Structures are given as structure tokens and as C-alpha cells.
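Just so it is clear, none of the values below were taken in a lab; they were calculated from the coordinates. All values derive from a computational prediction rather than experimental measurement. Don't worry about glycine lacking a Cβ; one is built from the backbone with ideal geometry, like all the others, and counts go over all protein chains shown.
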Amino acid sequence: MTQSKHRPAILFFTGLSGSGKSTLATGLESDLRAAGVLATVIDGDKLRTGLCRDLGFSETDRHENLRRATELALHLADVGAVVIVALIAPFRADRDLGARRAQENGVAFAEVFINAPLPVCEHRDPKHLYKRARAGEIKAFTGIDSPYEAPLAPALELHTDLETVEQSLAQLTSFTLALTRPVARVAGAAGARV
């Protein structure tokens, strides 16, 4: 049981490479910490240089990458953290598994769709991945020759092609602080919550 003044939660950011997941994840982490919330980021790129460096990009390896990220997020939430998971996570079934695991463990879970159209993401292309994928140097790249299944009903959708980083971040911070606000107990009603 956590002693923090906020509820633990997992915010699962999904979207194409270049949509703004990492930028918004680190910005949200900073905003939450400034508000006194224990927060941490699990970033897909960093995950693949450590815990998941043995995995490739086959469909099976992508499933396993997401499974490991989910289990790590659950462990961090168990000690009271708000965990921001920033992965492409292209398959709905994998994201649904993360939501189910969080529910089984009593952890608040919110899927956040960082939505930017493919042409915008290709234009941004901060790591030149789309260029390499188009040239055939990277196989099974999400959005090019591997599918991305957009969320059907995300808890929050941010259109990073239409909003500034500051606008998206303000929405994220407000949403997260509301999600992690402690549930008050009704006086005289043991176990009742409002």
C-alpha cells in the first residue's frame, strides 16, 4: 500500500514514431513531479537498449516487448508511482492486455492516443527512421510496411499535428492529476468512496 498523496496509475501512450510520445512523456513527468506526484517514464527506445535488448521487431518480439513494459509498469505502480509508458505499441490486442493486467492489479490505466498523421510524422522524422524504412534499410517499420492499429476509444486523444506541445501537455497534466487524485472516504461509512 502506497503512502503517497496520489493514486498510482499507468498512462499508456501509443502513436506512430514521430507523433510526440517521448516529448510529451518527459514533459508530463516534469509537470507531475513539480506537483508533488511520484512519476516516471518507460520509454520504448530506452527499454530496447536494456531490458528488451534481446528482442527484435517481429510481431512475436513486439508482443513480448509490450508484455515486459506492462509488467515493469505494474511493479512501479505497486510502489505508488504514476507510470508513463511511451511505446508505439501498434497492436490493439497488446494494449488491451496491458489494460487487463492493470485492472487485475487494481491500478488505474488510461490509454492515451498521441495522434499525428503519417505524413506529419514522416516530415518530423527526428531519428530518420522513416527515410531508412522507405529505403528498405529497416524492415517491418510501423506505418510503412507494418500496420498500426489506432485506438478505438482512448481515454484521451491528442492531435499533435494541430496542437502545440504546450497545449497537449496542459491537457495531459490536467487529465493525469484528475486520474490520480486520491479517492476521498465518506465520513462514518467505512470503505465507502466518493
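Which aspartates and glutamates, on any chain, are close to LYS5 with Cα under 20 Å apart, when same-chain ones fewer than 8 places away are left out?
Straight-line reach from LYS5, under 20 Å: GLU29, ASP31, ASP78.
How would you rank ARG132, ARG181, going from fewest to most other Cβ atoms within 10 Å of each one's own Cβ?
Lowest count first: ARG181, ARG132.
In terms of Cα to Cα distance under 29 Å, which lysines are near enough to LYS131, apart from those fewer than 8 places away along the same chain?
Reachable lysines: LYS21, LYS46, LYS139.
Below 13 angstrom from the Cβ of ASP125, what's the summed charge of the other residues (Lys, Arg +1; Asp, Glu -1)?
+4
Within the stretch 46-97, which trypsin sites (Lys or Arg not before Pro) sit in a loop by DSSP and count at most 10 neighbouring Cβ atoms inside 10 Å?
Sites meeting the loop and neighbour criteria: ARG53.
List the residues, sorted by chain then number, that are 5 or more residues from VAL41 or on another chain and whose placed amide H is less than 5 Å from its amide H.
Close amide H contacts, sequence-distant or interchain: ILE84.
Can you tally the net charge around PRO90? Count Lys and Arg as +1, Asp and Glu as -1, for every other residue whose Cβ sits under 10 Å from the Cβ of PRO90.
Result for the neighbourhood of PRO90: 0.
Where does the chain land on Rg/Rh, using Cα atoms and the Kirkwood Rh?
0.99
What residues have an amide H closer than 5 Å to that of ALA108, excluding those fewer than 5 places away on the same chain, when H is modeled at 1.01 Å from N in the peptide plane?
Under 5 Å from the amide H of ALA108 lie the amide H atoms of ILE10, each far enough along the sequence or on another chain.
Can you sort SER19, SER174 from fewest to most other Cβ atoms within 10 Å of each residue's own Cβ?
The most exposed by this proxy come first: SER174, SER19.
Can you grab the distance from the C-alpha centre of the stretch 1-47 to the C-alpha centre of the stretch 95-119, Å, no decimals?
13 Å
Could you compute Rg(Cα) / (2.2 N^0.38 Å) for the stretch 69-179, with N its residue count?
1.19
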